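S.K.: Could you have a look at this structure, given as structure tokens, before my questions?
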Amino acid sequence: SRRIPAVVYRHLENGAIISRASQPEVGWLGWRSKTDEQLLKALSDACSFDCGQEQSQNNNELVTDSLETSQCENVEMEKPKKILIVDARSYASAVTNRARGGGVINYFNLVNYKLIFIFKVECAEYYPSAEIQFMNLANIHVIRKSFQSLRQLCALEIDTPNWYSLLEKTNWIQHISGLISASNIVVHAIVEKKRSVLVHCSDGWDRTSQICSTAQICLDPFYRTIEGFRVLVEKEWLTFGHKFGDRCGHGVGSDDSNERCPVFLQWLDCIYQLICQYPCSFEFSTSYLIKLAQHCYSCLFGTFLCNTLKERLENSIHDRTFSIWPFLS
């Protein structure tokens, strides 16, 4: 959907960035996209050219020393580091993904006389400034089935025989764990390895939003404030077009049950787990998340109506409805 890499976060100290996109578009016969390859290289080069406050401090020290020894011309820029491409899918899913034009395009190679395949993933030799890592996160259909099992289980009494075994079989906790682990990989790359990260899944509006927003909450204390959390949701979910209308099933033309999935609710559960572990690191409590989850589905507020910012503007949602944020504040 032409969701080219967009930078959404920059680490203040080391200058590493988080960018997000959708899956790469491979042309017929596997034609390369030079502009796409150049863009990723440009991101890597830019981060090595300006490495944040740490480099500024180091450069000032180097320049001072060089001026004293008259060797200022020996000051060099840091060698570019490879961008870590975090693909939220499994490798198998990336290969077999056929939704919305994704998936496998095969063609007959007239040179080698054999059948080869072109996948909707980055080709390593075409992206020497990057390396890819798959997160093996489930798609919306698997998450929807897991959530339905969880809802059925919640209707039972907790003293039901084998209740916790049944909870484990829903795989909901495993999905939450996988999402937090994927976000932790992004955080580790940014902080420890000082590497920039590009996050994408298939379309770039579900698992990509989950990983990027969770990582930023872990990286930046501003997003753990009430105001910062609002900014994060507006930026990573609403402005980048998470399909609240289709995923939550409210609004005109959202009758397709295959499009339903509690993606945003799953992310709120991840933040819930983080608050339970580090309650003093957040300005808001778990009750704040519960209210947010309730009104994501209540349709009492216009904040989560429609699928995109474009639709909300066309329908004058901001003028005709109330926002949830003043209510929560």
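S.K.: Just give me the residues in the range 260-278 being assigned to a helix (DSSP H, G or I) and under 19 Å from the mean Cα position of the chain (by Cα), in sequence order.
M.R.: Scanning the range 260-278 gives Val263, Phe264, Leu265, Gln266, Trp267, Leu268, Asp269, Cys270, Ile271, Tyr272, Gln273, Leu274.
S.K.: On the basis of being closer than 30 Å to Ile173 by Cβ, part of a loop (DSSP other than H, G, I, E, B), modelled with pLDDT of 65 or more and not acidic (Asp, Glu), does Arg144 make the cut?
M.R.: Judged against the criteria, Arg144 is not a match.
S.K.: Then there's this: If you scan the range 142-159, which residues turn out to be open to solvent by 90 Å² or more (accessible area, probe 1.4 Å) and closer than 21 Å to Ser257 by Cα?
M.R.: Lys145, Gln148, Arg151, Gln152 - these are the residues of the range 142-159 that are open to solvent by 90 Å² or more (accessible area, probe 1.4 Å) and closer than 21 Å to Ser257 by Cα.
S.K.: May I ask you to verify whether Val199 is touching a helix residue (DSSP H, G or I) at 6+ places or on another chain (Cβ under 8 Å) and either buried (at least 24 other Cβ atoms within 10 Å of the Cβ) or of a type outside the set (A, V, I, L, M) (or both)?
M.R.: yes
S.K.: Look at Leu137 and say whether it is of a type in the set (A, V, I, L, M), outside any loop (DSSP other than H, G, I, E, B) and either surrounded by 10 or more Cβ atoms within 10 Å (Cβ to Cβ) or at pLDDT 90 or above (or both).
M.R.: Here the answer is no, as Leu137 does not meet what is asked.
S.K.: Further question: Step by step: first the residues of the range 1-38, then only those that are farther than 20 Å from Arg207 by Cβ, among the aliphatic types (A, V, I, L, M) and in contact with a helix residue (DSSP H, G or I) (Cβ under 7 Å, 6 or more places away or on another chain), then the one that is modelled with the highest pLDDT. Which residue is that?
M.R.: Ala16
S.K.: Given the criteria open to solvent by 40 Å² or more (accessible area, probe 1.4 Å) and out of contact with any helix residue (DSSP H, G or I) (no Cβ under 9 Å at 6 or more places or on another chain), does Lys235 qualify?
M.R.: So Lys235 fails the test.
S.K.: I would also like to ask the following. Given Asn171, Asn162, Asn184, which one is at positive phi and surrounded by fewer than 16 Cβ atoms within 10 Å (Cβ to Cβ)?
M.R.: Among Asn171, Asn162, Asn184, only Asn162 is at positive phi and surrounded by fewer than 16 Cβ atoms within 10 Å (Cβ to Cβ).
S.K.: I've got another one for you. May I ask you to say which residue of Asp255, Asp246 is part of a loop (DSSP other than H, G, I, E, B) and at negative phi?
M.R.: Result of the check over Asp255, Asp246: Asp255.
S.K.: A follow-up question, please. Name the pairs whose Cβ atoms lie under 8 Å apart, with the first residue in the range 303-329 and open to solvent by 50 Å² or more (accessible area, probe 1.4 Å), the second among the basic types (Lys, Arg), and 6 or more positions between them or separate chains?
M.R.: Matching pairs, first to second residue: His318/Arg312.
S.K.: Let me ask something else about it. Got a number for residues in the range 189-220 being of a type in the set (A, V, I, L, M), within 15 Å of Leu179 (Cβ to Cβ) and not in a helix (DSSP H, G or I)?
M.R.: Here the count works out to 1.
S.K.: Can I ask one more? So Gln294 fits all but one of (1) open to solvent by 70 Å² or more (accessible area, probe 1.4 Å); (2) outside any helix (DSSP H, G or I); (3) farther than 24 Å from Leu219 by Cβ; what number is the exception?
M.R.: Gln294 satisfies all of (1) open to solvent by 70 Å² or more (accessible area, probe 1.4 Å); (2) outside any helix (DSSP H, G or I); (3) farther than 24 Å from Leu219 by Cβ except (2).
The values are calculated or read from the model by the stated rules, or taken from the named source; none is laboratory data. Please read all numbers here as calculations on a predicted model, not as lab measurements. Positions of Cβ are generated from backbone atoms using ideal geometry, with glycine treated the same way; all protein chains shown enter the neighbour counts. In case anyone asks, the SASA skips ligands and DNA or RNA and just uses the protein heavy atoms, side chains included. Shrake-Rupley method; radii C 1.70, N 1.55, O 1.52, S 1.80 Å.
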